[in-house]
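Below is one structure, written out as structure tokens; comments come after it.
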Amino acid sequence: MTMTKERAAAAASRLLQAQTQRARAKLIEIELAAWLVGNAGGQAPRFANPTDDLHVRLAVALGAGDFDAAESLLIAYLPTPEGDKLLFHACHLAGTMMADRLIEIAHRYPDNWFNGRMLTSTSQPARLLALFDNQPTLGHAIITTGELVVVGRDAGAPIAGAEERWAAVVGDQLSHMHDPRFRDTWLRIAARESLDTAVDLLMRLADGWGRDTIVDGVSAVLARLVRQDPERAAAVVASSVAPWDRLAWFETLTWWFDLPAPAEPILHELLNLGDPEINLVLARILTSARAPQWLDHALMTAETQPPLERARELAPGIFQLRAAGLHDEAERVRNRVLPLLPEHPDTPGDVAPRDLFDTLSAPGLPALVPWGAGPGLP
């Protein structure tokens, strides 16, 4: 495990160095690299772009667990144009670790973006809800309220303020139905109340809005259903003949790091299409499904996709295996996909695909979603 962390930190350091030369990594990828460098006790290079530099410095401090330094940086730069979105990103990177602090900062700087959904581990839920007191009940308030409902109910201690607000939202559901965040949150809560009702609701929402508009909700419903009745779960996924519709929900069948037998005919049909884009998505899904023969099939055509996109698609499954404690399996899959990930960039100064892959699949990264620290359920 130590060797894996050291390898990831070295890859992250190289990624950051390449990014100072305007390589093609995304901001969240830069932040995750900086997190790993900070977690390893290292320092990141300075960036000419002041916004990127602030985000990197914040991520290094959070990765190192230096919350005092992170808070000082937020207070110093949130009022500036370059620091406008620092609080929002801090919620993603450390909302589960310093929720109370970030909530107080959000109260202090009400004009800055924040992500309340990532702050629901707070010891003061009423203080979090108060951030929305003078705002209309729209997407951000809805998903934060819904997340607090989930947290309270899962702990066996419903949060009264969140329950009251959620009841009002559902009572006025027609006003919110157009928002995919409401639909996902509604499904997540419904799955905890009655799985049969949640399945019916899932199909109704999919018919009205399209399968690809439901993400967390379908995971919450079908990941539960596949444990109880894998044949029924597979039948729900297969109920559309459109390949991309089936693909949109297929990952839920492998949520528990296994490929159920009823899912194999769906997978076989999708692979037989020979579509490189579909196969790359299937390869991402299969990296964590512990089905090496199917993974090899998917990788045969997926390797025609650009190397950096391969790195981005193949990393999450390995990260999920590590988060679940399946470290030996993660290393086996990593070794299988390494030949598809060049060790050097396509163009000088760019990010090396293997460095991006090892950064995004590293152990110990922040969860980025409230339930993402392990094989939990949305």
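No lab work stands behind these numbers, since they all come straight from the coordinates. The model shown is predicted, which means the values in this text are computed figures rather than measured ones. Reconstructed Cβ throughout: ideal geometry from the backbone, glycine too, with neighbour counts over all protein chains shown.
Numbers at a glance
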quantity: Hey, Ala263 surrounded by fewer than 20 Cβ atoms within 10 Å (Cβ to Cβ), assigned to a helix (DSSP H, G or I) and of a type in the set (Gly, Ala, Ser) or not; calculated: no
quantity: Positions within segment 238-255 being in a loop (DSSP other than H, G, I, E, B) and either surrounded by 14 or more Cβ atoms within 10 Å (Cβ to Cβ) or touching a strand residue (DSSP E or B) at 6+ places or on another chain (Cβ under 6 Å) (or both), in sequence order; calculated: Ala238, Ser240, Trp255
quantity: Segment 134-168, residues that are small (Gly, Ala, Ser) and more than 22 Å from the chain's Cα centre (by Cα); calculated: Ala155, Gly156, Ala157, Ala160, Gly161, Ala162, Ala167, Ala168
quantity: Residue match in segment 269-277 (condition: closer than 25 Å to Gly372 by Cβ and of a type in the set (A, V, I, L, M, F, W, C)); calculated: no
quantity: Residue count, segment 200-219 (criterion: buried (at least 18 other Cβ atoms within 10 Å of the Cβ), under 17 Å from Val241 (Cα atoms) and within 19 Å of the chain's Cα centre (by Cα)); calculated: 1
quantity: Search result, residues across segment 320-363 that are over 21 Å from the mean Cα position of the chain (by Cα), in a loop (DSSP other than H, G, I, E, B) and of a type outside the set (A, V, I, L, M, F, W, C); calculated: Pro342, Glu343, His344, Pro345, Asp346, Thr347, Pro348, Gly349, Asp350
quantity: Single match in Ala76, Ala69 (criterion: assigned to a helix (DSSP H, G or I), free of Cβ contacts under 8 Å to residues at least 24 places away in the same chain and surrounded by fewer than 16 Cβ atoms within 10 Å (Cβ to Cβ)); calculated: Ala76
quantity: Residue that is surrounded by the most Cβ atoms within 10 Å (Cβ to Cβ) [pool: residues in segment 154-185 that are farther than 18 Å from Gln124 by Cβ and of a type in the set (Lys, Arg)]; calculated: Arg183
quantity: Count - residues of segment 320-361 that are of a type in the set (A, V, I, L, M, F, W, C), within 16 Å of Thr4 (Cβ to Cβ) and in contact with an Asp or Glu (Cβ under 6 Å, 6 or more places away or on another chain); calculated: 1
quantity: All positions within segment 208-244 that are over 18 Å from Met177 (Cα atoms), in contact with a Lys or Arg (Cβ under 8 Å, 6 or more places away or on another chain) and of a type in the set (Val, Ile, Thr); calculated: Val237
quantity: Yes/no for His327 being in contact with a Ser or Thr (Cβ under 9 Å, 6 or more places away or on another chain) and surrounded by fewer than 18 Cβ atoms within 10 Å (Cβ to Cβ); calculated: yes
quantity: Residue selected from segment 285-312 under the condition surrounded by fewer than 21 Cβ atoms within 10 Å (Cβ to Cβ) and either within 19 Å of the chain's Cα centre (by Cα) or without any contact (Cβ under 8 Å) to a residue 24 or more places away in the chain (or both), by the criterion farthest from Ala330 (Cα to Cα); calculated: Pro306
quantity: Selection count, segment 46-66, where residues are outside any loop (DSSP other than H, G, I, E, B), crowded, with 18+ Cβ neighbours inside 10 Å and out of contact with any Asp or Glu (no Cβ under 6 Å at 6 or more places or on another chain); calculated: 8
quantity: Residue count, segment 210-234 (criterion: under 20 Å from Ile278 (Cα atoms) and part of a helix (DSSP H, G or I)); calculated: 6
